[in-house]
Amino acid sequence: MSAPLTPPVIPSELAGLAAARQAVPPALRPWLPPLGLGLAGWLVTDGLLRLSHLPLSPGITLAGLALGAWWWRRPRPLGPSATDVPGWLERLERLEAQFGKLAGAQVDASSPAGAVLEAARLERANQLACLRQELGRAGLTLALVGTNPPSGELQGTLLEALRGPEPIQLHWAHPLPPWSADWCWPPVFEACDGLIHHLRMPLSAAELRWLEALPQGQPAWLLVHHNGEGPGPDQLAAELQAQLGAELSARLLFWDGQPQTLASSLAPLARDLGPAAASLRQARQLRRLQQLHGRWQRDLEQQRRELFRPLQRRTQWIVAAGVVAAPLPSLDLLVLAVANGLMLQEMARLWDCPWTLEQLQAAAAELAKASLALGVVEWSSQALAGLVKWHGATWLVGGAMQALSAAYLTRVVAHAMADMLALSAGVSEPDLAAIKRQAPLLVAQAAEAEKLDWSAFLEQGRQWLRSQPVPAADGGSTACEHAF
């Protein structure tokens, strides 16, 4: 995708702009873009009003400036927004490039692990090629499904009933199993533009469970098979609406089971397919792209977490050692800032995040504040009380508990930061207001996840304490003993 041509920037002008920006106080730098936008809007508005000979009003100028500032500083949600087919394809290509970066930093291509990563790369390339072919598919593809579908002899009748301006390909599926471990629809049905789900009344538990497991956004029409002796269509519609909800209940097609009445039962669907064909195809394309993007994103996130965990463990014990060694609380804070700064830079590389170190530290600071407000340090201090015996060297009494609590706080904040970076994929700069709002939830989830691994942290803490040099209390050579 070629970028538009732009005139070259003279290096001296670029240096002048950079110097002018540095001359502005840091507190005002974030407001430079909205002020510039508001000023440009005022100039355009002023010119239009002068050309139209309308009276100028200071209120219009102020309103334009306020609107420009609000538009620039408006809250932006974390994570990517919805887009079109080319946009989703571009995202998939970016994900493939990020897989390549992680694979290059993770293992040697000639090693066995490298062979596994190469096989995964080829599989992703095949998935994307198949999806590109599917995106160009013409007409509509439907599937008739159900735990007890009608006889296959009715295929010709059903196709003839749905015949219209759009060519239709119909899959007549085998019966869905009455029980499944994961209740996951096969991919062949996910690739359809719509499903015709044959239901026999009364509704069985298996049918209800399959309907609940429909992929998000998958259109489905319910061909309700009933006999004339039971409840009428109006009563059945009310019953199904109570069980299935409004969305599925709006696509009910009642059929008495007779072959000669199947066409009239499907007539409402046949009338809707022609006008809705383009929107159904587009919805299927976006849905399939989003599904593949979600699978790739989960695989990429799993690889990132595998590389993140050693970094998390290493940083937490660097912080703990720094807290023990630093003689003053101010130096404790300095050690925490340096260690976490290095960790944040490495995390930004793993998550392909373009934020500056200052932006990363500001986001991590919001998460740390939320951790302190939620009492993560107090909980960890109480839980760690049984790990250390309070006798022996002075460093143990004065710093061991603080060091271990700082290590656990680093662990929780790092976990929450990883979650936040995963949610912020594709965001060019952090929205601190949104991060501040979401920080308590991110920290609570991270703390709960780390509690599940509390025994592993305690074992690492024991090993770290054993590795620390313990000076004698009276300046001699006797080392204190630790009982765990």
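Worth a mention:
Each row is one residue, and each column tells you yes or no for (1) at pLDDT 95 or above; (2) within 33 Å of the chain's Cα centre (by Cα); (3) more than 28 Å from Leu203 (Cβ to Cβ); (4) not hydroxyl-bearing (Ser, Thr, Tyr).
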{"residue": "Leu131", "(1), (2), (3), (4)": "yes, yes, yes, yes"}
{"residue": "Gly136", "(1), (2), (3), (4)": "no, yes, yes, yes"}
{"residue": "Ala143", "(1), (2), (3), (4)": "yes, yes, no, yes"}
{"residue": "Asn148", "(1), (2), (3), (4)": "no, no, no, yes"}
{"residue": "Ser151", "(1), (2), (3), (4)": "no, no, no, no"}
{"residue": "Gly164", "(1), (2), (3), (4)": "no, no, yes, yes"}
{"residue": "Ala173", "(1), (2), (3), (4)": "no, no, no, yes"}
{"residue": "Trp179", "(1), (2), (3), (4)": "no, yes, no, yes"}
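- Scan of region 156-187 for residues that are surrounded by fewer than 13 Cβ atoms within 10 Å (Cβ to Cβ) and under 15 Å from Ala213 (Cα atoms), ordered by number: Pro177, Trp179, Ala181, Asp182, Cys184, Pro186, Pro187
- Checked against the criterion of being within 29 Å of Gln218 (Cβ to Cβ), among the β-branched types (Val, Ile, Thr), in contact with a Leu (Cβ under 8 Å, 6 or more places away or on another chain) and at pLDDT below 95, region 83-91 contains one or more residues that satisfy it.
- Candidates Leu253, Leu280, Leu262, Leu266, filtered to the one that is over 20 Å from Pro167 (Cβ atoms), of a type outside the set (Ser, Thr, Tyr) and either in contact with a Lys or Arg (Cβ under 6 Å, 6 or more places away or on another chain) or not assigned by TED's automatic domain parsing to the domain that holds His197 (or both): Leu262
- Unmet criterion (only one of (1) in contact with a Ser or Thr (Cβ under 9 Å, 6 or more places away or on another chain); (2) not assigned by TED's automatic domain parsing to the domain that holds Gly461) for Ala339: (2)
- When Gln303, Gln345, Gln316, Gln297 are screened for being touching a Lys or Arg at 6+ places or on another chain (Cβ under 6 Å) and either of a type outside the set (Asp, Glu) or modelled with pLDDT under 95 (or both), only Gln316 passes.
The values are calculated or read from the model by the stated rules, or taken from the named source; none is laboratory data. Since this is a predicted model, take the numbers as computed values, not measurements. All Cβ positions, glycine included, derive from the backbone under ideal geometry; neighbour counts span all protein chains shown.
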